[in-house]
Amino acid sequence: MPVFEPIHITGTALYKALCAWVLLGSLCGSALAQTPLVLAIPDDNPARNARLSLLQSSAVRVVPDTARMTGTGIMALDGAKAAIAQAVLAGWDIIALDEASEIAACAAGVLQKAPTSETATADISARFARRPGQGGAKSGCALTYDTRYEALAYRLDAFVLSPPSTGLAVFDTVSFPGPRAVVWPPRALLEWAILAQGVPEVQVYDILSSARGMQIARAAILEIAPSVIWVESDAEAARLLATGQVTMAVAGEADLAVTAGIAVVVQAGKIGQRRSWIQLPSGAAPSTMPRPTDGLVAALAGDQSTYIPALWRDAAWYAQAGAHVATGLAGLGPEN
């Protein structure tokens, strides 16, 4: 046998193995590229959910977050880490965190910078009014932003002669009697309770950022508690309003909108909130996870309404008032 024959045979075998490996890798890569992104949604924005449903199933798969683990809340860094860990365990690719949690996690290096361009992740919350001295805080880790408005809606047949004009009507059980459906935990009720005391809008969050301010809000909520029906979701609040089981409801505006013709959503006093959609950091998910498409970013984008709420819950609100909310609301919920 020629001396170079074994070398030739070995080289041929290695070449074939390498070709097979490349082919297998290309096939695997193709399969991974076609794997849809998995989003966990808090399922509280019908308009956004409708936009997501228009996307091809090969591009995105939506998983309702029944536990609302990723929904708006006061979690900060520790909570954000726990939410991300649970999302990784569940196999999700994109989740939602409240603004404060996302900013804290981004600053701590828990999240990577968003993989899309600045134009695709423009901070739409810059359009909204904020407290004097509070700028539009944002980070580079959010994929896009989802806006939510908390509002009050009342039945047309309940207050024919003198209907409510602002969300503060929820605290006026004399002029506007009847049961109220409120999603637990209450969001807008905290701000409205302070406004009902005659406090100017620009001072609301400064007062709620103190234990005393939260006590004032708590007392106001306790006073109307006999008229409040606590519910677990915006959809449930809207259903009770539509079926006439309550005269008014406080919930997300998007869900309340389905009661049009039966009820009216009060525009004055709406509370705006921002939720950040983030892609799980590398290492938590396969590195071959496809880059979110422009269609997905557009579908996740929030309400583009031109209405500007007078009050906007931003990261400063969560950072300053968050420490008092848990104790301020303790003992008020549906379990009592």
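The values are calculated or read from the model by the stated rules, or taken from the named source; none is laboratory data. Given the structure is predicted, the values throughout are model-derived calculations rather than measurements. With ideal geometry, Cβ positions are generated from the backbone for all residues, glycine too; neighbour counts draw on all protein chains shown. What goes into the accessible areas is simple: the full protein's heavy atoms, side chains included, and nothing from ligands, DNA or RNA. Shrake-Rupley method; radii C 1.70, N 1.55, O 1.52, S 1.80 Å.
Can you tell me how many residues in the range 239-261 are in contact with a helix residue (DSSP H, G or I) (Cβ under 7 Å, 6 or more places away or on another chain), in a strand (DSSP E or B) and within 16 Å of Pro163 (Cα to Cα)?
Residues of the range 239-261 that are in contact with a helix residue (DSSP H, G or I) (Cβ under 7 Å, 6 or more places away or on another chain), as a first pass: 241-242, 246, 248-252, 254-256, 258-259.
In the following step, the residues that additionally are in a strand (DSSP E or B) were identified as 248-252.
Still in the list and also within 16 Å of Pro163 (Cα to Cα): 248-250.
Summing the residues that are in contact with a helix residue (DSSP H, G or I) (Cβ under 7 Å, 6 or more places away or on another chain), in a strand (DSSP E or B) and within 16 Å of Pro163 (Cα to Cα) in the range 239-261 gives 3.
Considering (1) within 22 Å of the chain's Cα centre (by Cα); (2) open to solvent by 40 Å² or more (accessible area, probe 1.4 Å), the lone condition that Gln279 does not fulfil carries the number (2). Looking at Ala105, Ala114, Ala85, Ala47, just one residue is open to solvent by 30 Å² or more (accessible area, probe 1.4 Å), out of contact with any Asp or Glu (no Cβ under 9 Å at 6 or more places or on another chain) and either modelled with pLDDT of 75 or more or small (Gly, Ala, Ser) (or both), and that residue is Ala85.
Yes or no: the range 192-199 includes at least one residue that is open to solvent by less than 50 Å² (accessible area, probe 1.4 Å), in contact with a strand residue (DSSP E or B) (Cβ under 6 Å, 6 or more places away or on another chain), at pLDDT 90 or above and not in a loop (DSSP other than H, G, I, E, B). Scanning the range 192-199, I find no residue that is open to solvent by less than 50 Å² (accessible area, probe 1.4 Å), in contact with a strand residue (DSSP E or B) (Cβ under 6 Å, 6 or more places away or on another chain), at pLDDT 90 or above and not in a loop (DSSP other than H, G, I, E, B), so the answer is no.
Yes/no matrix, rows are residues, columns are (1) open to solvent by less than 60 Å² (accessible area, probe 1.4 Å); (2) under 30 Å from Ile94 (Cβ atoms); (3) touching a residue at least 60 places away in the same chain (Cβ under 8 Å); (4) among the β-branched types (Val, Ile, Thr):
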{"site": "Leu143", "(1), (2), (3), (4)": "yes, yes, yes, no"}
{"site": "Asp146", "(1), (2), (3), (4)": "yes, yes, yes, no"}
{"site": "Val174", "(1), (2), (3), (4)": "no, no, no, yes"}
{"site": "Arg180", "(1), (2), (3), (4)": "yes, no, yes, no"}
{"site": "Pro185", "(1), (2), (3), (4)": "no, yes, yes, no"}
{"site": "Gly213", "(1), (2), (3), (4)": "yes, no, yes, no"}
{"site": "Ser227", "(1), (2), (3), (4)": "yes, no, no, no"}
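Here Pro164 clears all of (1) open to solvent by 40 Å² or more (accessible area, probe 1.4 Å); (2) touching a Phe, Trp or Tyr at 6+ places or on another chain (Cβ under 6 Å); (3) in a loop (DSSP other than H, G, I, E, B) except the condition numbered (1).
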